[in-house]
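Note sheet for the following structure.
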Amino acid sequence: MKAITVIPGRPDSSSLRDIVEPQLAAEDRRSVKVKVLRVGLDGTDKEINAGEYGAPPPGSDYLILGHEGFGVVTEVGDDVTELVPGDFVVCIVRQPGGSIYDQIGTPDFTTDDTYHEHGINLVHGFLTEYYVEDASRLVLVPGGLAEIGVLLEPTTVVEKGINQAYEIQRRLKVWEPRRAAVLGAGTVGLLATMVLRLRGLDVTVAALDEAPYLNSELVESLGARYVSTRHTSLQQAAESHGPFDLIFEATGFSPLAFEAMGVLGRNGVLVLASVTGGDRTVEVPADALNLGFVLGNKVMVGTVNASRRDFESGVADLAAVEARWPGWAGRLLTHRVDGLTGCPRAFELLGAAGVIKVFVQVADLPRQVATPSGP
Ligand code: BGC
Ligand code: ZN
């Protein structure tokens, strides 16, 4: 079978390679074989392909790329009771390591120095035809969400950040967040807007580009507000639409973390989700930011990856958005590339104007079995 692989550390090394198709062995009683249908790409894949990030599995000189997988179960081991062939699944990206957090089912909180992530670090990814994985690391996606199932992994990154924010704010006993700001209107910013709107918050999204364009329209169709930071500073946005009880930072531009600190409301929580690999430095109003945090009892939290609980709340929120704003999530899937051979094109599209989510259609989605309608 075919796979898209890279030689981590070597720029532009992605290529189509023949590899051996994995099989379920009789002793793999909890294993599941999955046929890959779609794989989304994001900035992490771009960095790995640029040779800036990523590592191959031990003993391999290449890494199969792709961590935003969506597939269908084709075979299950004898002890698998929770999945059957034909079920749609998404695989949890990070595998458990050795720390206590890994042992309690939250490898996203690992304190190990090395972490194992499909398609990113030390474990092969999903840009291939089939993979075999332990049933405990697969999440069931209802058939009705098949068209948007490839959005689940990026959704889980947002779910984790927001679930953590709510968990932290239990400190306040009576926290009732009313206003939120999302910084950035890329895939993660849009999904954060979706999750916060589903939780009933008034959401202001601040991003660079001027409205109207697809992303600002997507924001507004959820009943959220879009402001371009070319015309409105974060400070002005906070004066008009704040105070912000929750801010979700997803711009990929680290100086904004400090600007966000400056506009967070009292008792508020700031969630930082941008993976910034550079070495940028900035000067900040340190006394004022510190004072605001101290006198305002504020919290700032970093978030990466996601646990099973976040995958499950992600499935629930994708179902909820389909019910409340039908078709909204599908509009994020702006660019589809057909077949693993289309990968070079997918890389060109990443980050281009007008692109929200690029995905590779590895195999056609099975036709939905029509559910018989009621009497
Ligand atoms: C992925 C996360 C991962 C992170 C760091 C992101 O692109 O969506 O699952 O933990 O990169 O490698
Ligand atoms: Zn990602």
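If you go through the stretch 152-197 and keep only what is aliphatic (A, V, I, L, M) and surrounded by fewer than 19 Cβ atoms within 10 Å (Cβ to Cβ), you end up with I168, L172, V174. When D364 is evaluated against the numbered criteria (1) within 18 Å of G66 (Cα to Cα); (2) surrounded by 12 or more Cβ atoms within 10 Å (Cβ to Cβ), which criterion, by number, is the only one it fails? Going through (1) within 18 Å of G66 (Cα to Cα); (2) surrounded by 12 or more Cβ atoms within 10 Å (Cβ to Cβ) one by one, D364 breaks only (2). On the stretch given as the stretch 16-56, residues that are closer than 20 Å to R345 by Cα, more than 16 Å from ligand 1 (Cβ to nearest atom) and open to solvent by less than 50 Å² (accessible area, probe 1.4 Å) total 2. If the Cβ limit is 7 Å and pairs must be 6+ apart or interchain, which residue in the stretch 115-126 that is within 14 Å of E68 (Cβ to Cβ) pairs with which residue that is open to solvent by 30 Å² or more (accessible area, probe 1.4 Å) and within 14 Å of ligand 2 (Cβ to nearest atom)? Filtered contacts from the stretch 115-126: I120/T44. Inside the stretch 286-315, residues that are surrounded by 15 or more Cβ atoms within 10 Å (Cβ to Cβ), away from ligand 2 (no atom under 16 Å from the Cβ) and not in a helix (DSSP H, G or I) make up a count of 3.
Restricting the search to strands (runs of 3 or more DSSP E) fully inside the stretch 1-115 and requiring at least 3 residues that are under 22 Å from G149 (Cα atoms) and of a type in the set (D, E, K, R) gives 31-41. Considering only the stretch 316-329, state which residues are surrounded by fewer than 21 Cβ atoms within 10 Å (Cβ to Cβ) and either assigned by TED's automatic domain parsing to the domain that holds R17 or among the acidic types (D, E) (or both). Answer for the stretch 316-329, where residues must be surrounded by fewer than 21 Cβ atoms within 10 Å (Cβ to Cβ) and either assigned by TED's automatic domain parsing to the domain that holds R17 or among the acidic types (D, E) (or both): just E322.
Kindly check whether there is at least one residue in the stretch 85-93 that is more than 18 Å from V123 (Cβ to Cβ), assigned by TED's automatic domain parsing to the domain that holds H124 and surrounded by 15 or more Cβ atoms within 10 Å (Cβ to Cβ). Within the stretch 85-93 (the criterion being more than 18 Å from V123 (Cβ to Cβ), assigned by TED's automatic domain parsing to the domain that holds H124 and surrounded by 15 or more Cβ atoms within 10 Å (Cβ to Cβ)), the answer is yes, since at least one residue qualifies. Does A224 fit the bill of being within 30 Å of G54 (Cα to Cα) and open to solvent by less than 50 Å² (accessible area, probe 1.4 Å)? No; evaluated as a whole, the condition is false for this residue.
Candidates are the residues of the stretch 133-153 that are over 17 Å from H335 (Cα atoms) and among the β-branched types (V, I, T); the one that is nearest to ligand 1 (Cβ to nearest atom) is V139.
The values are calculated or read from the model by the stated rules, or taken from the named source; none is laboratory data. Keep in mind the model is a prediction, meaning the values are calculated, not measured. Counting neighbours? That spans all protein chains shown, and the Cβs are built from the backbone with ideal geometry, glycine included. Keep in mind that these areas ignore ligands, DNA and RNA; they rest on the heavy atoms of the full protein, side chains included. Shrake-Rupley method; radii C 1.70, N 1.55, O 1.52, S 1.80 Å.
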